[in-house]
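Below is one structure, written out as structure tokens; comments come after it.
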Amino acid sequence: LESASFAFSPSVGRFPSKRFIFDLVRYQPGGVSRADLARQTGLTRSAITAIVNQLLESGFVREQMQGYRASNRKPVLLEINPAKGWVVGIDMGVTHLAIVVVDFSAHPIAEFETPFDITLGPEKCLDMVNDFFYKTLENAGLQPTEIMAVGLGVPGPVWLESGTVCSPPIMPGWHNYPIRKHLEAIWKLPLSLSNDAELGALGEWAYGAGRGEKNLIYIKVGSGVGCGLLLNGRIYSGARGCAGEIGHTIIIEGGPTCSCGNSGCLEAIAGGAGIARMAREAIANGRRTQLDTMNDLDKITARDVAAAARQGDLVAQQIISEAGVYLGTAIATLVNIINPGQIVVGGGVAQLGDLLLEPIRQSVETRSLLSCRESLRITAAVLGRRSSCMGAVVTALNLYCDRAMA
Ligand SMILES: [Zn+2]
């Protein structure tokens, strides 16, 4: 297994390595002192000093500038050295492509998003990704040789060993295509390939709503519906990378047909296509809604429904609320099985905030066991549409650090 997909776990080993200490600095915003590190690891001050000196010499961390004076008793804080280098995170969605270039402290220095169509297949899509990658670097004033590693997220189950996707329902034509090998060969850079919902969990855990939460589930509600499981501080991908396919839980027997071939799946009901279908049905049933004024009803998208809901359209709000109830039904089962500390709802549709979150919360409350949800928080993704991209950044930094500190 590739350790690049693992989040930092406080229980790794009895003798913390350089990499472990680095992660402690990395995930404590605001900096951490040598004394803090000694306390957190149980190591002696001299052992910490030795490891920190190595990290300082190799430029991984630096001492925070804080107008330090000899008389100032405040300890010097350590932080990630942003000037060490750059990595790129890419989120390849079904209908969007997002890319971010960050410095070594994961601070974005350039980011872009463009419409995308994953159904065009691997050759055309990866050509687009390639163009976009070079254009973004150009905008950031960087050469490809200055990039340390790339993290890429895709909306399907990923086989880490081969760097491919496995029968992804919403990625027709991509099965077994050597995505990682293809891009590594063009860019001559190490690349980490992951499922986008797993990256969402990682991104929100590292830099967003889920900081410090060891048991977190990220639910991606966009064109597809999927979830990323962070259990005991680690991403759980399952035996073949397929864990978290909550979108293909059957919610309505004999319901609408899903991209997977079944019918009544959560994705077919509460995903982008499902929301658009509910809107068309409402109009066909003569409901009064501003969506009715659109010229071509077949072109109504979840984005239109979300926009109308935000503007106060009652029918659109009802549709979003209904999608929330169905999402909550599937999430309640997950809550009973996993007993997570936090559920973070992200993805395009989730940008609606409480319009979607409230029905989810109520649905989970009525359908899950009290003991399983007692300490549960259900929140919106803090990074918004960027959760997966920032998760890709985490994997890219992991990939570089795993190799550099091996
Ligand atoms: Zn399905």
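The values are calculated or read from the model by the stated rules, or taken from the named source; none is laboratory data. In this text the structure is predicted, and so the values were computed from the model without any measurement. Backbone-built Cβ (ideal geometry, glycine too); neighbour counts: all protein chains shown. These accessible areas exclude ligands, DNA and RNA; they are computed on the full protein's heavy atoms, side chains included. Shrake-Rupley method; radii C 1.70, N 1.55, O 1.52, S 1.80 Å.
Residues of the range 331-366 with an amide N closer than 13 Å to a point placed 7 Å from the Cα of ARG310 along the Cα-to-Cβ direction: 348-356.
Excluding ligands, DNA and RNA, the accessible surface per residue across the chain is 44 Å² with a 1.4 Å probe.
Roll a 1.4 angstrom probe over the protein heavy atoms and tell me the percent of accessible area of the chain that is carbon or sulfur. Show your work: numbers first, answer last.
Working: 9100 of 17700 Å².
Result for the chain: 51 percent of the exposed heavy-atom area is carbon or sulfur.
Computed over the chain, the P(r) curve from all C-alpha pair distances, binned at 20 Å from the origin, holds 27, 54, 18, 1 percent per bin.
Normalising the average separation of contacting C-alpha pairs (under 8 angstrom, six or more residues apart) by the number of residues puts the relative contact order of the chain at 17 percent.
Please list the helices of the chain that count as membrane-span-like by this rule: a mean Kyte-Doolittle hydropathy of at least -0.5 together with Cα atoms stretching 24 Å or more along the helix axis, each helix being a complete DSSP H run. Numbers along the way, then the final one.
Working: long enough: 122-140 (26 Å, -0.46); 314-338 (35 Å, 1.42); 387-404 (26 Å, 0.71).
Those that clear 24 Å and a mean of -0.5 are 122-140, 314-338, 387-404.
Each principal axis of the Cα cloud of the range 143-257 was evaluated for its coordinate range; sorted largest first, these ranges are 52, 38, 25 Å.
Please say if the range 117-187 is rounded, prolate or oblate, where rounded means a/c under 1.5 for a ≥ b ≥ c the square roots of the C-alpha gyration tensor eigenvalues, and otherwise the choice is prolate for a/b larger than b/c and oblate otherwise?
prolate
Between the beta carbons of GLN54 and THR366, assuming R0 = 51 Å, the FRET efficiency works out to 0.40 to the nearest 0.05.
Using 0.36 nm per residue, how much length does the chain from ILE337 to MET65 gain when fully extended, once their Cα-Cα distance is taken away?
On the way: separation 272, 0.36 × 272 = 97.92 nm, distance 4.66 nm.
Computed gain between ILE337 and MET65 is 93.3 nm.
Comparing the range 222-293 with the 2.2 N^0.38 Å rule of thumb, its C-alpha radius of gyration ratio is 1.41 (two decimals). Subtracting the Cα-Cα distance of ARG288 and ARG403 from their residue separation scaled by 0.36 nm leaves 35.5 nm.
Magnitude of the charge dipole for the chain, about its Cα centre and with charges confined to Cβ atoms of Lys, Arg (+1) and Asp, Glu (-1), is about 1460 debye.
Using just the Cα positions, wrap the range 64-199 in a convex hull and report its mean projected area in square nanometres, one decimal place. Write down the numbers at each step before the final one.
Details: hull surface 39.8 nm².
Mean shadow area of the hull around the Cα atoms is 10.0 nm².
For a quick check: with amide H placed at 1.01 Å from N, whose amide H comes under 5 Å from ALA243's, ignoring anything fewer than 5 positions away on the same chain? Those qualifying (amide H under 5 Å, at least 5 residues apart or on another chain) are GLY238.
Between the residues ALA279, VAL102, ALA35, the greatest Cα displacement towards the positive end of the dipole of the chain, with unit charges on the Cβ of Lys, Arg, Asp and Glu, is found for ALA35. Kindly give Rg over Rh for the range 273-357, based on alpha-carbon atoms, with the Kirkwood expression for the hydrodynamic radius. Using only Cα positions, Rg/Rh for the range 273-357 is 1.04. The mean sequence separation of alpha-carbon pairs under 8 Å and at least six residues apart, normalised by the residue count of the range 270-383, gives a relative contact order of 26 percent. According to the calculation over all Cα-Cα pairs in the range 29-110, the P(r) per 10 Å bin from zero is 16, 35, 27, 15, 6, 1 %.
So if we plug the beta-carbon distance of ASP103 and ASN295 into 1/(1 + (r/R0)^6) with R0 = 60 Å, what FRET efficiency do we get, rounded to 0.05? Walk me through the numbers on the way to the answer.
Values: r = 46 Å, r/R0 = 0.76.
So, using R0 = 60 Å, E works out to roughly 0.85.
Here is the size of the range 157-223 from its Cα atoms: Rg then Dmax, 14.1, 38 Å. In summary, the lysines within cross-link reach of LYS188, defined as a Cα separation below 25 angstrom excluding same-chain residues under 8 places away, comprise LYS84, LYS124, LYS135. When both bridge partners sit in the chain, DSSP labels roughly 60% of those beta bridges antiparallel.
Order 282-293, 85-96, 377-388 from most to least packed using the mean count of other Cβ atoms within 10 Å. Don't jump to the answer; show the numbers that get you there.
Details: 282-293: 14.2, 85-96: 23.7, 377-388: 21.9.
The densest-packed peptide leads the list: 85-96, 377-388, 282-293.
On the basis of the beta-carbon distance and an R0 of 45 Å, ALA185 and ARG303 show a calculated FRET efficiency of 0.80.
Based on DSSP H runs of at least 4 residues, each adding -39500 (n - 2.57), what is the mean residue ellipticity at 222 nm of the chain after dividing by all its residues, to the nearest 500 deg cm²/dmol? The partial results should precede the final answer.
Details: 13 runs with 158 residues, N = 406.
Helix contribution divided over all residues of the chain: -12000 deg cm²/dmol.
Working note: Karplus 6.51/-1.76/1.60 with θ = phi - 60° gives the range 158-170 the couplings 10, 8, 4, 4, 9, x, 10, 9, 10, 6, x, x, 9 Hz, where Gly and Pro are set to x.
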